[in-house]
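Reviewing the structure listed below.
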Amino acid sequence: MATMKDLRGDVSTWCPGCGHFSVMAGIQKAIVELGYEPHEFAIISGIGCSGKVSEYIRSNGFHTIHGRSVPVAQGVKMGNPDLKVIASGGDGDGYGIGLGHFVHASRRNIDMSYIVMDNNIYGLTKGQTSPRSSHGFETKSAAQSNKEYPVDPITTSIVNGATFVAQGYAGNIKELSNILKRAIEHRGFSHVNIYSPCVTFNKVNTYDFYKENLTTIEAPFETRDEAIASIREHEGLVTGILYEESRDDFQTKLGTDFDMQSLESGPMDEALLKRVQKKFES
Amino acid sequence: MRKSIEWMVGGQQGEGIDSTGELFARTLVKHGYSVSTYKQFMSRIKGGHSNFKLKATKDRNYYAGDDVEILLCLDKESLSKNEDKLVENAVVIMEGKETGVERPEGKNYQILSVPLKKIATDLGNPLYKNMIAIGISSALLDLPQDILGEIIGDIFSRKGEDVVKANIEAVQKGYEITQEFLPEQIAKLEATENDDLLFISGNEATGFGSLMAGCRYLSAYPITPASEVMEWLAQELPAVGGTVMQVEDEIAGIAFAIGANYSGTRAMTSTSGPGLSLKTEALGMAGMAEVPIVIVNSQRGGPSTGLPTKHEQSDLQHMIYSTHGEIPRIVLYPSTIEDAFYLAAESFNLAEIYQCPVILALDLGLSMNKMTIPSFDSKRVGIDRGKLLTEDQVGEYDEAFFKRYRVTDDGISPRPKPGMKQGIHLTSSNEHGEDGYINEETDVRNKMMRKRLEKIKDAMIQEPYKLQSNGDIDPKNADVLLVGMGSTYGAIEEAMTKLNAEGKETFAHLHLQQLYPLPINELKDLFGNRKIITIENNYTGQLRLLLQQYLPIHDQIESIVQYDGDPFMVRSIVEQMKEVV
Ligand SMILES: Cc1ncc(C[n+]2csc(CCOP(=O)(O)OP(=O)(O)O)c2C)c(N)n1
Ligand code: SF4
């Protein structure tokens, strides 16, 4: 069985105190506590400080491009359903450039987990407004305050059909790894948004801010509507598993017996050629 | 006896022009002719003139022809739009009040008017009018009626015996009308004995070649003229344990396929120009991360949304250069529908051998039109998965963390699949060291750039180009070399034959199938210092520019271009050649 040490990857370049450390530790802890081996996972990340997570966890990793970790991850799972697949990245990565993919992944329900490190800002590009920055938030790219309202990720995945939606907080690693364990074991698309403070560029959404403002939800809501109502009531500042539903994942729904892996070098399949060619014969 | 027949059906879109053309084409194929087809249509579902043209010959042909001998007009525009193609004594079949033949004054063709709609309605459905017209067409070629009957049986048996019967009656009506009104026009076309003919489109052949190469996954977004690759594989893949996914956009299309390839499955995406534009960032990722991927790009008229249902060959530079930075890639372009099958299969091998993107270019002419071709040979291309490791092979390296980007002599690193116990590895779109970890040190960067960009240098398909001439002309010594790519193959062949028949200078034809990396040394020998003319469907002469970039032929090369959305006519190539040479 893997230990935390087995899962240690490259040396991190994150700022000391960055919330992303806890998210990473939460993922590692979940893998260890669930008793998996590192090779059973593929961790697909996007670009941003958060995107480095696939390099820092020693498992199979694919550090992709900005906003595309979710489609790549779904392709990985389609190609090899035996792999445990995690996509992970930042709020800019997932809810800005990658928002479309996120919505479609929610409704498609491929069996994978999507873990977002939400710091309400663009970290790696040094502090511009993110689609998660609150209204009125001041950044370099919105000097006189943000005129827009933030994307709401958890109600988005809930309304679009995700079968597991949770929110965590980097300051509560125990709750976080419990959520992540449940998310990883959930069959279908599980979405976990995690408040992960950027200590360098975000002076509003700090650890203290979350400590004061977060409300814990003890058990998932029965219906999507109830979950959404509660999230709205708390202005999104909730943690816990918000909604969970057991529904066939995409591959089960397809009902095909996949064999996409066993191809070996050698001649073409003559029988297949003959069978299919018949359709074109005069 | 006729040597060949050139036939066209025209009408309003949505009136069954395509199915009428297809049905007649199948009848001819079944009769043993070699058939080439070309469809013209517009980017709308109903209305607007569309047509379907075909040429049938005894021997193999690759081009739907310049002329029309039988024109079936299902709308008024069909005649005015295609009058210039009619040959002496052509037969035009048209809707009319009464059946009768007339020769309009000052025209070289005759019109057979038939109350098609009325006869069809009497038989039970106005749509049967297309069948009457097919009956007339078949009778003009003296084709036995039973072949048509068989095909009608195949197509309409689902709809019940009555429908089959009515369709056959409509055809018979056509035969009767022909025998009564055009008896002197009836002439047989000599058939081949060949019975291993396939009738298939370029898109279908591409899908089929991919299937045979072991591709088990396609993710794409619909776009003309590439959609059919996706649709065809959607029918075929489930039976072999694969699947097609229509995903949210082109970016997802390539990203899913890259993910599937990374996991060890042979996977592809298919698109046309606008889609390729969207895919280019991920194309760069596949190059940088050394993940294999096959991208089919069926070109249409650009730029932007341009001419969405028309033919062009203007994505050449896009396919060869697109994405920021420099990546390894291979760009292939089949000359014929038959080649599309084999090159699709080779694409998957090259993608895995060289661990890089392979773009398989098609164009609308190649994608959407059908042709008769000989049966495929499963021995011609095998499956080669390159340095993809087995679990045992991975174990031999005995590494806790597998060096995915190991520097080797040939620049190609052994590749484990994710999920192997001793094969844990990191794949990265950032610059990285051998272990995959981000590394920006200058010597690492230099080493990795060299590794990636050198590895494809010698990549070569079995037949990177086709060189030929006709008569007893040695293509290597002909005075003028005509160079083309893709669906212009047949038109250039025929133009060359015509030019050679005139006997002033000798001509040869070279059709390039590997655009990148170019087989420079081979081409250098072939080109020598003779005159070279590229014949291409774009404005700037992209093929000429490509050749000029790599070969010292600046003063000896010129282009004939056409960018109006239609394919070249043999006639226009011959005329323009006379100006250039
Ligand atoms: C197509 C593209 N556009 C822009 C960038 C630049 N970029 C890199 S990371 C990033 C934002 C990162 O923000 P987020 O995803 O929230 O991650 P964080 O750094 O905050 O963890 C941007 C805009 C890029 N790499 N690619
Ligand atoms: S800039 Fe912000 S998000 Fe990036 S590592 Fe530093 S604290 Fe974390």
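The values are calculated or read from the model by the stated rules, or taken from the named source; none is laboratory data. All values derive from a computational prediction rather than experimental measurement. Positions of Cβ are generated from backbone atoms using ideal geometry, with glycine treated the same way; all protein chains shown enter the neighbour counts. SASA here: full protein model, heavy atoms, side chains in, ligands and nucleic acids out. Shrake-Rupley method; radii C 1.70, N 1.55, O 1.52, S 1.80 Å.
Results, tabulated for the structure shown:
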| item | result |
| --- | --- |
| Candidate set: segment A:129-165, residues that are surrounded by fewer than 16 Cβ atoms within 10 Å (Cβ to Cβ), within 16 Å of ligand 1 (Cβ to nearest atom) and of a type outside the set (A, V, I, L, M); chosen: the one nearest to the chain's Cα centre (by Cα) | A:148 |
| Set A:109, A:80: member being of a type in the set (S, T, N, Q), more than 10 Å from every other protein chain (Cβ to nearest Cβ) and touching a residue at least 12 places away in the same chain (Cβ under 8 Å) | A:109 |
| Residues located in segment B:202-226, provided they are buried (at least 24 other Cβ atoms within 10 Å of the Cβ) and within 23 Å of residue B:52 (Cβ to Cβ) | B:202, B:203, B:204, B:205, B:206, B:207, B:208, B:225, B:226 |
| When residues of segment A:1-15 are limited to those that are in contact with a Lys or Arg (Cβ under 9 Å, 6 or more places away or on another chain) and within 15 Å of ligand 1 (Cβ to nearest atom), the one farthest from the other protein chains (Cβ to nearest Cβ) | A:14 |
| Residue within segment A:217-226 that is touching a residue at least 60 places away in the same chain (Cβ under 8 Å) and either more than 19 Å from residue A:115 (Cβ to Cβ) or buried (at least 23 other Cβ atoms within 10 Å of the Cβ) (or both) present | yes |
| Test: residue in segment B:360-371 that is within 30 Å of residue B:414 (Cα to Cα) and in the same structural domain as residue B:318 (by the TED database) | yes |
| Criterion: in contact with a His (Cβ under 6 Å, 6 or more places away or on another chain) and of a type in the set (Gly, Ala, Ser) - qualifying residue of B:490, B:484, B:471 | B:484 |
| Selection count where residues are within 14 Å of chain B (Cβ to nearest Cβ) and in a loop (DSSP other than H, G, I, E, B), scope segment A:16-44 | 2 |
| Residue among B:495, B:501, B:478 that alone is over 26 Å from the mean Cα position of the chain (by Cα) and buried (at least 18 other Cβ atoms within 10 Å of the Cβ) | B:478 |
| Matching residues, segment B:376-390, being over 14 Å from residue B:214 (Cα atoms) and either more than 9 Å from chain A (Cβ to nearest Cβ) or surrounded by fewer than 19 Cβ atoms within 10 Å (Cβ to Cβ) (or both) | B:377, B:379, B:380, B:387, B:389, B:390 |
| Test: residue in segment B:515-534 that is touching a Gly at 6+ places or on another chain (Cβ under 6 Å) and either hydrophobic (A, V, I, L, M, F, W, C) or surrounded by fewer than 19 Cβ atoms within 10 Å (Cβ to Cβ) (or both) | no |
| One residue from B:395, B:436 being more than 30 Å from residue B:21 (Cα to Cα) and crowded, with 19+ Cβ neighbours inside 10 Å | B:436 |
| Boolean, residue A:187 is within 26 Å of residue A:105 (Cα to Cα), part of a loop (DSSP other than H, G, I, E, B), out of contact with any Lys or Arg (no Cβ under 6 Å at 6 or more places or on another chain) and not aromatic (Phe, Trp, Tyr) | yes |
| The one condition in (1) more than 10 Å from chain A (Cβ to nearest Cβ); (2) touching a strand residue (DSSP E or B) at 6+ places or on another chain (Cβ under 8 Å); (3) under 25 Å from residue A:39 (Cβ atoms) that residue B:403 fails to fulfil | (2) |
| Residue within segment A:190-201 that is within 14 Å of chain B (Cβ to nearest Cβ) and assigned to a loop (DSSP other than H, G, I, E, B) present | no |
| Exclusive hit being at pLDDT 95 or above and within 11 Å of chain A (Cβ to nearest Cβ), set B:171, B:244, B:229 | B:244 |
| Subset of segment A:250-268 (residues that are surrounded by 16 or more Cβ atoms within 10 Å (Cβ to Cβ) and more than 7 Å from chain B (Cβ to nearest Cβ)) | A:250, A:251 |
| Positions within segment B:230-281 being of a type in the set (A, V, I, L, M, F, W, C), open to solvent by 10 Å² or more (accessible area, probe 1.4 Å) and more than 24 Å from residue A:269 (Cα to Cα), in sequence order | B:251, B:278 |
| Within segment A:66-87, tally of residues that are more than 16 Å from ligand 2 (Cβ to nearest atom) and surrounded by fewer than 24 Cβ atoms within 10 Å (Cβ to Cβ) | 5 |
| Selected residue (criterion: nearest to the other protein chains (Cβ to nearest Cβ)) from residues of segment A:95-106 that are within 16 Å of ligand 1 (Cβ to nearest atom) and open to solvent by 10 Å² or more (accessible area, probe 1.4 Å) | A:100 |
| Residue A:170, sole failed condition from (1) within 16 Å of ligand 2 (Cβ to nearest atom); (2) over 22 Å from residue A:214 (Cα atoms) | (2) |
| Residue within segment A:10-22 that is within 15 Å of ligand 2 (Cβ to nearest atom) and surrounded by 24 or more Cβ atoms within 10 Å (Cβ to Cβ) present | yes |
| Unmet requirement for residue A:139, which otherwise passes all of (1) within 15 Å of ligand 2 (Cβ to nearest atom); (2) at pLDDT 95 or above; (3) more than 14 Å from every other protein chain (Cβ to nearest Cβ) | (2) |
| Residue identified as in contact with a Lys or Arg (Cβ under 7 Å, 6 or more places away or on another chain), more than 16 Å from ligand 1 (Cβ to nearest atom), of a type in the set (Asp, Glu) and within 22 Å of residue B:410 (Cβ to Cβ) among B:326, B:352, B:312, B:346 | B:352 |
| Residue satisfying all of: in segment A:45-66; at the interface with another protein chain (Cβ under 7 Å from one of its Cβ atoms) and within 20 Å of residue B:280 (Cβ to Cβ); nearest to ligand 1 (Cβ to nearest atom) among these | A:65 |
| Residue list for segment B:16-53, restricted to those being open to solvent by 50 Å² or more (accessible area, probe 1.4 Å) and over 21 Å from the mean Cα position of the chain (by Cα) | B:30, B:44, B:45, B:46 |
| Subset of segment B:99-130 [touching a Lys or Arg at 6+ places or on another chain (Cβ under 8 Å), closer than 18 Å to residue B:179 by Cβ and crowded, with 23+ Cβ neighbours inside 10 Å] | B:116 |
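A quick yes/no check of all residues on (1) exposed (fewer than 15 other Cβ atoms within 10 Å of the Cβ); (2) over 23 Å from residue B:506 (Cβ atoms); (3) more than 21 Å from the chain's Cα centre (by Cα); (4) modelled with pLDDT of 95 or more:
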position	(1), (2), (3), (4)
B:545	no, yes, yes, yes
B:549	yes, yes, yes, yes
B:555	yes, no, yes, no
B:561	no, yes, no, yes
B:564	yes, yes, no, yes
B:569	no, no, no, yes
B:572	no, no, yes, yes
B:580	yes, no, yes, no
